[in-house]
1. Going out from 0 in 5 Å bins, what whole percent of all Cα-Cα distances in the chain drops into each bin?
2. Please find the FRET efficiency linking residue 131 to residue 212, where r is the Cβ-Cβ separation and R0 is fixed at 41 Å, and quote it to the nearest 0.05.
3. Express the relative contact order of segment 135-234 as a whole percentage, based on alpha carbon pairs under 8 Å and six or more residues apart in sequence.
4. 7 Å from Cα along Cα→Cβ at both residue 66 and residue 197: what's the point-to-point distance in nm?
5. Over segment 168-226, what number does the Rg to Rh ratio reach, with both radii from the alpha-carbon atoms and Rh per Kirkwood?
6. Can you give the helix-only mean residue ellipticity at 222 nm for the chain, where every DSSP H stretch with n ≥ 4 adds -39500 (n - 2.57) and the sum goes over all residues, rounded to the nearest 500 deg cm²/dmol?
7. Project the alpha carbons of segment 5-120 onto their principal axes and report the range along each, largest first, in whole Å.
8. Computed FRET efficiency, Cβ-Cβ of residue 115 and residue 204, R0 35 Å: what is it to the nearest 0.05?
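We did not get these values from a lab; they are worked out from the coordinates using the rules stated. Quick caveat, the model's predicted, so the values are computed rather than measured. With ideal geometry, Cβ positions are generated from the backbone for all residues, glycine too; neighbour counts draw on all protein chains shown.
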């Protein structure tokens, strides 16, 4: 997916940090990561024959030292004008285990694109004992409806949503911070036969309009897919 304004800031921060490295042979890659509150944390790699850490791992450590919590976006860039670079396999595994809902910036022939980290490491091993805070993403136009409890259902495609406590993150929103809430149910239905009742639509709401909107949001979604109907509640004390 195309990066939004906030994600482009993360990419720019990584590229700017990489440009500042200069010709230091021990520091050749920079990374930048954004937390739920829009703060950007940067780090550079430590190249050493013993296997020094990648820039992405350093940036995650810097963010942890700042008590950043879950990270929503990360990007890495190489020195000497190499620009945006994708993470190595070790970093992909670490990101998946520690920040399973993070979006990763990768270079493509058409420019930077955002990828879910799980899609960068298919058929991967999952660290079963690690407890990670989860993130449920929303378009920023839904903040008021979610915060007030008016909106308590969302339909997702190719975006597995676990039950339980979650941060509700509003993308590219410079005004509001995240909310805390709970995902209470996740039910899978074929999109082709999805009914208004299954989607929990308000009375007199057309399910065809919902399907059209989903196809607009997921432009590469095949015709014959299953979607998840996710219900949630917002904590009474917003974070």
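1. 1, 6, 13, 16, 18, 16, 12, 8, 5, 3, 1, 1, 0, 0
2. Details: r = 38 Å, r/R0 = 0.94.
In this case the efficiency is close to 0.60.
3. Working: 154 pairs, mean separation 38.4, N = 100.
The normalised contact order for segment 135-234 reaches 38 percent.
4. Simple spin-label model gives 5.0 nm for this pair.
5. Values: Rg = 14.3 Å, Rh = 13.9 Å.
Reported Rg/Rh, Kirkwood definition of Rh: 1.03.
6. Numbers: 5 runs with 55 residues, N = 239.
After summing the helix terms and dividing by residue count, I get -7000 deg cm²/dmol.
7. Between the extreme Cα coordinates on each principal axis of segment 5-120 lie 33, 32, 24 Å.
8. Numbers: r = 38 Å, r/R0 = 1.09.
Given R0 = 35 Å and the Cβ-Cβ separation, E is 0.35.
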